[in-house]
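One structure below.
The values are calculated or read from the model by the stated rules, or taken from the named source; none is laboratory data. Everything numeric in this text was worked out from a predicted model, so none of it was measured. Counting neighbours? That spans all protein chains shown, and the Cβs are built from the backbone with ideal geometry, glycine included.
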Amino acid sequence: MMQDTVNGLSTLLDAQALITDPKDKEPFLHEWRDRYHGKAAAVVQPRTTEEVCAVLRFANDERIPVVPQGGNTGLVGGQTPDASGNAIVLSLARLNRVRDVDPAGNTITVDAGVVLQTVQEHADKAGRLFPLSLGAQGSCMIGGNLSTNAGGTGVLAYGNTRDLVLGLEVALPDGRLLNGLSKLRKDNTGYDLKHLFVGAEGTLGVITGATLKLFPKPKGMRTAMIGLATPHQALKLFTLMQGLAGPSLTGFEIMPRIGLEFALRHLPGARNPLAQLHDWYVLAEISSGRGDDDAEALLMQSMETSFEERLVEDAVVAQSLDQAQTLWSIRHGMSEAQKPEGASIKHDVSVPVARVADFLDEAITAVIELVPGCRPLAFGHLGDGNIHFNVSQPIDADRADFLAHWDRMNDVVHGIVTAYGGSISAEHGIGQSKRHLLPGVKDPVALALMQTLKQAIDPHGIMNPGKVLPD
Ligand SMILES: Cc1cc2nc3c(=O)[nH]c(=O)nc-3n(C[C@H](O)[C@H](O)[C@H](O)COP(=O)(O)OP(=O)(O)OC[C@H]3O[C@@H](n4cnc5c(N)ncnc54)[C@H](O)[C@@H]3O)c2cc1C
């Protein structure tokens, strides 16, 4: 079977695009945290959309599973094949041309394998901003960002990846190419099919190209690290700053004291930006179309009012881009800083913004009750209602013993999330890791419609089987 797959693929692709050597396949078969491992008959790296279509046509005829893969930075195992060894991993890494940059229309059109940071750089060179920004931006690819509907730190002002796409080109499971590479801002000609493939995690087709929105670059920016006492103070601060700055509030992230302590302990060069430690921190960013002075004035006004209202204990405002990056590096380093502290049980959840503080209070109390001594490190995008609710093992606890609580702790946290009308996957997706949870949280009619669409578009079930949809 595996040899038949390789033989078939070798009639479609040259030797460089077909990887069969076990050592060369290895990096594509597990992800960076080593949580998911799989096997594959072959890894293919097509260089053209025609080659992508040819591989899919062959796989569809032969009923061979295809697992699309971008930068392999996904956090839910969606890009890793199963253990059967039957699948073809279709890596987009060589489909990596920037096709067109259009500053007048504020668009950029790229192949799916272009790395996110490269898109940002091309936009910047054209005097524009591509606002999608996340910790993995040096490795993740636009096709992966679209397929996971990635969020990141720019969502508050610009929306998630879904909001940034104008047109998509998609290779369908039967080998046809859906050419939807439109630059149009308005087009009401029936179903907007591109949104089916955004967030589908490779279960409906392979995204091969995208036209994305660009924005004017802010002319000024100010970032502050703010110490405060409780999540409720942070939420009040958010409401206050949004009221004062409106859409100029482009970032609002929350971190607990333990997050800063881990960062100071484990991130090279990290320093406490404030004189003392505080129970909670907010990283707030204001952008302005007018300039730094305007951004600074808005930030200072927010700080003055919040000190007067006793929301804030202390704050530091970055005076240069370097200083701002130093503050952001603490926030971006949260996951990294947590690793040396042992095992961590993770949740990527969202609740309505107005309920974030209540959720944090309730969930933190609940997990400490469940595993006394555990160390909740709940951080993330407060302004989007999205919290990375990570829980580190108790000091000196046995790693495996702590991880044995994973499902029970998920149940507890997800139960609270659901009670607040939230989502058990805010931005990382479902992949393999949360597939079994979907029937418990998704509206049954929505789930049935998802199955109907899957059946209609991929009747032989070759696209990323075992991901997203429950059996
Ligand atoms: C340090 C770090 C920080 C992160 N921060 C964030 C964050 O802030 N916000 C956030 O949302 N995510 C974050 N992530 C998760 C991850 O970076 C995103 O999910 C990213 O969008 C995945 O892109 P990728 O190219 O690596 O995709 P992959 O991991 O390769 O694939 C992800 C999924 O998309 C599918 N896929 C990939 N390419 C295609 C394609 N062309 N067509 C169809 N399906 C495809 C795969 O089959 C898989 O299901 C972070 C990850 C890391 C490691």
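Some notes on this structure:
- Test: residue in region 297-313 that is buried (at least 18 other Cβ atoms within 10 Å of the Cβ), under 26 Å from the mean Cα position of the chain (by Cα) and of a type outside the set (Ser, Thr, Tyr): no
- Checking Leu212 against (1) more than 15 Å from the ligand (Cβ to nearest atom); (2) touching a residue at least 12 places away in the same chain (Cβ under 8 Å); (3) not in a loop (DSSP other than H, G, I, E, B); (4) not hydroxyl-bearing (Ser, Thr, Tyr), the condition it does not meet: (1)
- Going through (1) within 12 Å of the ligand (Cβ to nearest atom); (2) within 23 Å of Ala123 (Cα to Cα); (3) surrounded by 17 or more Cβ atoms within 10 Å (Cβ to Cβ) one by one, Gly180 falls short only on (1).
- Counted residues, region 326-338 - those being part of a helix (DSSP H, G or I) and within 11 Å of the ligand (Cβ to nearest atom): 5
- Leading residue by the ranking (nearest to Leu90 (Cα to Cα)) among those in region 183-203 that are near the ligand (Cβ under 8 Å from one of its atoms) and of a type outside the set (Ser, Thr, Tyr): Gly202
- Filtering region 129-177 to residues that are near the ligand (Cβ under 8 Å from one of its atoms), assigned to a helix (DSSP H, G or I) and among the small types (Gly, Ala, Ser) leaves Gly143, Gly144, Ser147.
- Residues that are part of a loop (DSSP other than H, G, I, E, B) and under 17 Å from Gly143 (Cα atoms), drawn from region 78-97: Gly78, Gln79, Thr80, Leu92, Ala93, Arg94, Leu95, Asn96, Arg97
- Test: residue in region 435-445 that is within 12 Å of the ligand (Cβ to nearest atom) and either modelled with pLDDT of 95 or more or part of a helix (DSSP H, G or I) (or both): yes
- Out of Ala456, Ala448, Ala426, Ala419, one residue alone is exposed (fewer than 15 other Cβ atoms within 10 Å of the Cβ) and within 22 Å of Val353 (Cα to Cα). It is Ala419.
- Scope region 342-363; condition crowded, with 18+ Cβ neighbours inside 10 Å and in contact with a Lys or Arg (Cβ under 7 Å, 6 or more places away or on another chain); matching residues: Ala343
- In the condition set (1) on the phi > 0 side of the Ramachandran plot; (2) crowded, with 21+ Cβ neighbours inside 10 Å, Leu377 is compliant with all but (1).
- Residue within region 164-175 that is out of contact with any Leu (no Cβ under 8 Å at 6 or more places or on another chain) and in contact (Cβ under 8 Å) with a residue 40 or more places away in the chain present: no
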